[in-house]
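K.L.:
The structure under discussion is supplied below as structure tokens; questions concerning it will follow.
Taken together, the values in this text are just the output of simple stated rules run on the coordinates, not laboratory data. Here the structure is a predicted model, which is why all the values come from computation and not from measurement. Backbone-built Cβ (ideal geometry, glycine too); neighbour counts: all protein chains shown.
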Amino acid sequence: MYLHEVETLDSASLAELQSRRLVELIGRLRRVESPFWSAKLADVGEVRAIGDLIALPFTEKHEFLATYPHGMLAVSMSQVVRIHASSGTSGKPIIVAYTADDIRIFAQVNARALSAVGATSDDVVHIAYGYGLFTGGLGLHYGVEELGATAVPASGGNPGFQVGLMADAMATGLASTPSFALILAERAEAAGVKGDIRLRWGIHGAEPWSEGLREKLETAWGGGYDACDIYGLSEVIGPGVAVECRENKGGMHVFEDHFYPEIVDPETGEPVPTGEPGELVLTTLTKQAQPVIRYRTRDITRILGGDCPCGRTSRRIGRLEGRIDDMLIIRGINVYPRTIETVLMSDPALGPNYAIVIDRRGQLPELEARVEVADASLTADAETIGARLESRLMETVRLRIPVMVGEPGSVPRSEMGKAKRVYERTGDEDPLGWSFTVST
Ligand code: DLL
């Protein structure tokens with residue numbers, strides 16, 4: 001454990017630390033000369049303990065856009081040592097700023113995350129998250145250096161070159177999106193260098209994935225590879241908000257001495273009980289440059305109860321179940337793409353790539369799933385596999401979702417950034433360019 005004392009605090013001591021930090025944060029924000037912070041805290045009474053957080057107003061994504069680029073700063077620009085940006089869906093990016101202290105905490109939470117997945121100072125970590133405005137590459141990079149391990153700043157793209165480098169530089173850990181980790185495994189296999197790569201663990205996040213995908217990833221890399229989930233978002237800090245430990249792989253420990261989690265009903269904003277799904281809300285207790293109070297992440301998850309065998313005492317959140325923005329409403333039924341992924345990826349006959357097509361040509365949108373068989377020899381069974389998946393989707397999602405089964409390699413891969421899983425079809429042209437459908 002990287003910060004043993006903090007990570008194993010009993011709940012009373014943790015609450016005391018959180019309370020102290022929240023009181024300090026609110027005091028500081030009240031003193032900042034900023035129209036944004038004056039308005040945000042105008043109706044807030046005295047804050048004495050972490051329990052008072054619930055009376056504070058939420059912060060929403062549109063406030064980042066309304067105050068773009070720097071209206072949410074709580075320090076002067078001269079104290080800012082770095083900015084990152086997240087592209088978002090609305091065109092304008094969100095800009096986030098860090099002081100030197102923020103960068104130290106960013107490095108530290110990522111070192112803690114790496115340590116939780118099994119990294120030590122002896123590891124050589126191949127970092128294939130994008131470097132640049134995206135927080136993934138630099139976030140993990142600073143974490144690796146903080147831990148004293150060796151960082152290989154490979155960034156995204158060019159998987160053919162990357163697998164050779166992984167073999168030559170003797171990488172033992174891989175930091176990348178789960179989809180890029182799969183691309184690398186495929187490429188290593190094809191290039192005949194898989195046997196020369198000795199990965200022990202992977203730290204994968206930035207996009208939704210499922211247990212089925214974990215299994216495929218762990219099988220693809222083999223040799224006891226532990227694929228662990230890491231969560232974070234630019235508005236809060238970047239990667240390093242929460243992570244799975246290697247011992248459990250059942251939920252992600254939130255570094256709640258820095259990021260205080262709540263789960264609320266996305267409609268009413270009211271808290272939901274432990275174990276129930278809802279929208280994750282996060283407060284940064286220690287961020288200096290651009291803190292957020294009760295930030296509505298739009299991510300759906302739940303707080304898990306119970307202790308963890310790793311000994312960390314912070315609360316855990318479950319695997320991300322979807323984003324409110326990604327929810328599709330098909331024939332009145334709410335569907336998250338990740339629910340479809342969970343069904344598809346639990347089938348051993350399928351390879352790890354899939355796509356969901358929203359067909360908007362008719363009066364009502366229809367869904368379609370595109371998958372590929374794990375092995376060319378299974379192509380002959382495409383029809384049976386498609387029918388089996390369709391009935392499982394019917395049981396789980398309660399919708400008829402035709403499943404088209406293609407040959408290995410027929411679903412497009414994203415070699416940069418986050419995997420694209422959902423495509424729209426509005427005209428004659430197939431969004432995936434499929435004309436060689438094997439089965440429906
Ligand atoms: O994706 C930060 C990050 C980098 C996390 C590297 C993990 C690893 P953004 O680009 O701002 O930041 O996107 C944040 O991505 O609100 C989630 O919807 C999604 N996301 C992040 N991690 C996970 C995960 C980075 N483990 C948004 N599972 C978040 C599912 C995730 N979704």
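K.L.:
Could you pull out the pairs from Lys61/Lys418; Lys40/Lys92; Lys249/Lys420; Lys92/Lys194; Lys249/Lys287; Lys249/Lys418 whose alpha carbons sit more than 31 Å apart here?
P.N.:
Lys92/Lys194
K.L.:
How do Arg104, Arg316 line up, fewest other C-beta atoms within 10 Å first?
P.N.:
Numbers: Arg104 13, Arg316 25.
Going from sparsest to densest Cβ surroundings: Arg104, Arg316.
K.L.:
Using the Karplus curve 6.51 cos²θ - 1.76 cosθ + 1.60 with θ = phi - 60°, what ³J(HN,Hα) values do you get for each residue of the stretch 406-415, in whole Hz, with x for Gly and Pro?
P.N.:
In residue order, the calculated couplings are x, 6, x, x, 8, 8, x, 9, 9, 8 Hz.
K.L.:
Sorted from largest down, what three extents in whole angstroms do the Cα atoms of the chain have along their principal axes?
P.N.:
68, 54, 41
K.L.:
At a Förster radius of 41 Å, what calculated FRET efficiency corresponds to the Cβ-Cβ distance of Phe58 and Glu215, to the nearest 0.05? Display every interim value, and only then the final one.
P.N.:
Values: r = 37 Å, r/R0 = 0.90.
With R0 = 41 Å, the Cβ-Cβ based efficiency is 0.65.
K.L.:
Residues in the stretch 385-415 near a label at Thr379, defined as backbone nitrogen under 12 Å from the 7 Å Cα→Cβ point?
P.N.:
406-410
K.L.:
Then there is this: From the phi angles alone, apply the Karplus equation (6.51, -1.76, 1.60; θ = phi - 60°) to the stretch 244-251 and give each ³J(HN,Hα) in whole Hz, x where the residue is Gly or Pro.
P.N.:
Result, rounded to whole Hz: 7, 9, 5, 5, 10, 6, x, x.
K.L.:
So the label point goes 7 Å from the Cα of Ser76 along Cα→C-beta, right? Which residues of the stretch 281-306 then have their backbone N under 20 Å from it?
P.N.:
Within reach of a label on Ser76, which here means backbone N under 20 Å from a point 7 Å along Cα→Cβ, the stretch 281-306 contributes 288-291.
K.L.:
Which residue fluctuates most in the GNM of the chain (Cα springs below 10 Å): Ile263, Ile300, Ile26?
P.N.:
So, out of Ile263, Ile300, Ile26, the one fluctuating most is Ile26.
K.L.:
Loop-only check: which GluC sites (Glu not before Pro) in the stretch 15-79 are DSSP coil with at most 10 other Cβ within 10 angstrom?
P.N.:
Hits after loop and neighbour filter: Glu33, Glu46.
K.L.:
If you take the square roots of the eigenvalues of the alpha-carbon gyration tensor of the stretch 332-440 and sort them as a ≥ b ≥ c, do you get rounded (a/c under 1.5), prolate (a/b over b/c) or oblate?
P.N.:
rounded
K.L.:
When a/c reaches 1.5 or more, the comparison of a/b and b/c decides; with that in mind, is the stretch 108-231 rounded, prolate or oblate per its Cα gyration tensor? Spell out each step's value before the answer.
P.N.:
On the way: a/c = 1.36, a/b = 1.25, b/c = 1.09.
In terms of gyration-tensor shape, rounded.
K.L.:
With springs only between Cα atoms under 10 Å apart, run a GNM on the chain and tell me which of Asp375, Asp428, Asp307 wobbles the most.
P.N.:
Per the Cα network of the chain with a 10 Å cutoff, Asp428 tops the list.
K.L.:
Suppose each label sits 7 Å from its Cα in the direction of the beta carbon; what would the Thr268-Arg323 distance come out to in nanometres?
P.N.:
The answer from the label model is 2.7 nm.
K.L.:
Here is a further query. Given H placed 1.01 Å from N in the peptide plane, which residues other than close sequence neighbours of Val81 have an amide H under 5 Å from its amide H?
P.N.:
So Val81 has HN proximity to Tyr98, Thr99, Ala100.
K.L.:
Label the stretch 89-158 by shape, choosing from rounded, prolate and oblate, from the square roots a ≥ b ≥ c of the eigenvalues of the Cα gyration tensor; if a/c is under 1.5 it is rounded, and otherwise prolate applies when a/b is larger than b/c, oblate when it is not.
P.N.:
oblate
K.L.:
If you don't mind, another one. Find the cysteines in the chain that fail to meet the 4.7 Å Cβ criterion with every other cysteine, and list them.
P.N.:
For the chain, the answer is Cys228, Cys308, because their Cβ atoms have no other cysteine Cβ under 4.7 Å.
K.L.:
Taking amide H atoms as placed 1.01 Å from N in the peptide plane, list the residues 5 or more away in sequence, or in a different chain, whose amide H sits under 5 Å from that of Gly118.
P.N.:
Correct list: Arg246.
K.L.:
Can you tell me the 0 to 90 degree angle between the C-alpha axis of helix 135-147 and the longest principal axis of the chain, rounded to 10?
P.N.:
70 degrees
K.L.:
When the Cα centres of the stretch 101-125 and the stretch 159-188 are compared, how far apart do they sit, in Å?
P.N.:
20 Å
K.L.:
Go ahead and collect, in residue order, the members of the stretch 253-296 whose backbone nitrogen is under 11 Å from a label point 7 Å along the Cα-Cβ direction of Leu17.
P.N.:
255-259
K.L.:
With springs only between Cα atoms under 10 Å, which of His141, His204, His70 fluctuates most in a Gaussian network model of the chain?
P.N.:
His70
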